[in-house]
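The values are calculated or read from the model by the stated rules, or taken from the named source; none is laboratory data. All values derive from a computational prediction rather than experimental measurement. A quick note on method: Cβ atoms are made from the backbone with ideal geometry, for glycine too, and the neighbour counts reach across all protein chains shown.
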Amino acid sequence: MAAKKKYLLALNLGLLGFGFFLSLFETSAGKENIIKKTLKNKHYNFSVGNLSENHKRAPLQKSKQEEEIFLTLKIFADKQYDYDQNIYIAEGNVKALINDGVLRSDLLSYDKSTGILSAEGNIRFRKGGQYFRAKEFKFNVLKKEGFIKDAYGILGVENVFNDLKIDTNSNKTEDQKRTNNQEINTYDDGIEFAFGNINLKDNKITRSNKSRGSINNWRFKSNSIIIEENGWKSNRIIFTNDPFDPHQISFEGIDVFAEEDDDGKLLITSSKTNLILENRTKIFLGKRVFGGKKKKKSKLEFILDGKDRDGLVLIRRSNTATINENIKLDFQPQFLINRAIIGKTNSYKNSKDKNTNLSDLFGLNLKLNAGNDNWRFDSVNDLSTLNTSRFFSGLRQSNTFKKYFRMPILEDSSLNIFTTYRSRAWNGTIGETEIKSAFGGFIEKTNFFTTGKVKNNLNIRIGTAKYEAEKFENTDIISLWRSSIFASLDSEYPIWESNSKNIHQSKLTSLSPVLINPELVFRTNIDSAYFNYLNSSDQGFLKLSLGPEIRLGNLRRNFFDYTKFSVMPGIKIKFGNSPFKFDNAIDLKTLNISLMQQIYGPLMFDVVSNLNIDNSSKNYGEYYDTKLGLLWHKRAYECGVYYHPNNEAGGLYFRINGFKFGNKIKAVF
């Protein structure tokens with residue numbers, strides 16, 4: 001089986017589709033007396049059942065356990081020669097068809113005495129999602145080694161080995177079908193690196209976040225690629241995810257080696273890797289491994305936590321431990337940098353001693369997840385100190401059990417049972433408050449539906465729980481049961497949309513991975529709730545928010561060519577009062593403002609905030625839930641910094657966008 005694995009590896013390996021050449025030479029090696037005389041402008045169709053048939057020198061003998069490979073090869077050329085049944089030459093507009101793959105070149109030859117297969121002049125190959133072109137190719141059939149000169153190509157990582165299989169019984173891949181019909185490029189996937197405790201939702205320009213931890217399609221180039229029996233290598237190769245030129249971002253690999261991993265995935269190792277931005281700025285990344293299994297995030301990460309950890313924190317991620325397939329455990333030790341530098345802490349209000357010892361410099365986050373198709377259990381245990389005297393002051397913990405089921409009226413729903421200890425809560429201009437402990441459950445139903453042109457999202461929750469939390473009037477802790485029913489409906493109605501019929505993908509802006517279509521939509525949000533507390537108090541409210549969102553510009557110019565602005569005034573009608581601080585209905589008149597504005601070129605400003613406009617409130621004129629962002633937004637990549645002043649959180653992110661290439665994309669760059 002080891003011989004079989006090496007053989008199949010040699011056939012399938014190749015970032016560019018070089019496995020095609022290997023399968024091509026096997027055809028010539030596997031069948032003698034293919035051409036009996038010199039012919040011109042003829043069409044040859046021959047097939048090979050056993051690749052080692054009648055060829056004693058080829059080390060391709062197959063055991064009975066090994067599967068046979070059936071291959072069909074057709075060659076078209078202006079001239080074709082067979083010299084003494086030893087040297088085969090096809091010359092002039094050579095077109096070789098092999099199992100749905102197409103090779104073109106000026107000259108194709110195979111010498112049986114030396115085992116050398118070669119192609120020269122304007123070499124091009126396409127199969128499925130793979131395409132490359134080169135100046136010269138040579139491969140020794142006996143030694144299983146060769147080289148390719150001046151190579152450019154397009155690589156579809158996900159289907160590279162499936163595309164390059166030489167089994168004629170294999171079906172065309174979905175990627176191949178798409179490539180044959182697709183004219184445009186689409187934003188498809190991506191890689192994201194984030195530092196800090198920020199939660200990045202959908203990009204407001206692309207309206208999605210397609211970061212999946214990998215990019216499937218790349219363009220590449222290399223002056224020389226050496227083919228070996230177990231893979232290929234190159235002194236220097238450059239990859240870019242950008243479908244257009246000039247490309248905005250690329251990776252330069254030095255001393256690169258590619259092979260097939262144990263799972264049949266393409267694995268590329270670069271001894272030295274440089275990230276190149278705009279063909280000018282070069283950033284050294286060190287040794288990198290691409291492809292293979294999906295890569296985990298970096299072991300080390302920084303977050304900013306000014307509330308519980310006095311500032312900057314270094315986190316070390318451990319590998320996720322899997323128990324009985326359905327249980328996963330994440331273990332994250334932490335080092336509190338600011339606390340170590342200052343030697344004091346301000347995170348524990350009930351502690352008069354601000355000094356720290358060694359155990360105060362370390363924290364821990366432990367996550368447990370378990371479940372199947374019908375239920376899920378999540379447990380989060382967060383410790384901001386390992387000092388046993390501050391253990392309960394530094395612990396935040398929550399557990400949630402969710403069970404999916406069907407019930408009358410609500411139909412597909414979920415039962416949620418939860419417990420929590422020292423849970424943070426934010427309530428408008430009151431700011432942050434704390435739920436010391438809680439346990440209970442609720443039934444939840446969510447439903448997305450459309451009514452004509454109106455898009456709607458409905459959420460309903462019914463439940464009961466016991467809360468131990470701060471009183472509304474002061475910081476005293478009280479404990480009460482609360483029964484509740486809550487419903488919300490978010491709707492969006494398109495008012496105006498610009499005519500996009502004349503917008504073509506070839507005009508895709510350099511500042512966005514998607515085409516931007518100016519529009520005006522009208523949004524509404526209706527929230528209603530009723531809470532009943534065991535001390536005979538109750539509270540109910542109905543909140544209505546509505547307003548327009550307009551998007552102007554398409555990021556084709558460098559100055560103020562993109563504006564996304566939304567303003568939603570809201571009014572809340574309530575009766576009764578909650579005895580708790582965390583759920584008391586306040587801020588009865590509000591104004592939600594959201595603005596994303598291009599400043600110059602790729603530089604963007606993003607702000608979201610809420611304003612209390614109730615002149616009868618003591619918090620009149622105060623902002624809350626504010627998020628500030630400064631972004632550098634390009635077609636192939638983007639980066640930015642966000643800061644949330646209300647909870648003193650923030651972070652950085654860098655995102656590389658991936659595309660599904662259309663068949664008009666050029667390999668040469």
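Key figures for this structure:
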read-out: Selected residue (only one of LYS265, LYS307, LYS349, LYS295 is under 17 Å from PHE193 (Cα atoms) and modelled with pLDDT under 90); value: LYS295
read-out: In the range 222-236, the residues that are buried (at least 19 other Cβ atoms within 10 Å of the Cβ) and either modelled with pLDDT of 90 or more or in a loop (DSSP other than H, G, I, E, B) (or both); value: SER222, ILE225, SER234
read-out: The range 242-265 residues that are more than 29 Å from CYS639 (Cα to Cα), paired with ones that are crowded, with 20+ Cβ neighbours inside 10 Å and modelled with pLDDT of 90 or more (beta carbon under 6 Å, 6 or more apart); value: none
read-out: Matching option when the condition is small (Gly, Ala, Ser), more than 33 Å from the chain's Cα centre (by Cα) and over 21 Å from ASN374 (Cβ atoms), among GLY440, GLY463; value: GLY440
read-out: Failed item in (1) within 30 Å of ALA134 (Cα to Cα); (2) at pLDDT 90 or above, with VAL641 passing the rest; value: (1)
read-out: Options ASN350, ASN324, ASN355, ASN369: the member that is surrounded by 15 or more Cβ atoms within 10 Å (Cβ to Cβ) and out of contact with any Phe, Trp or Tyr (no Cβ under 6 Å at 6 or more places or on another chain); value: ASN369
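This table checks each residue for (1) in a loop (DSSP other than H, G, I, E, B); (2) basic (Lys, Arg); (3) surrounded by fewer than 17 Cβ atoms within 10 Å (Cβ to Cβ).
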position	(1), (2), (3)
ARG396	no, yes, no
ARG424	no, yes, yes
LYS445	no, yes, no
LEU458	no, no, yes
ALA465	no, no, no
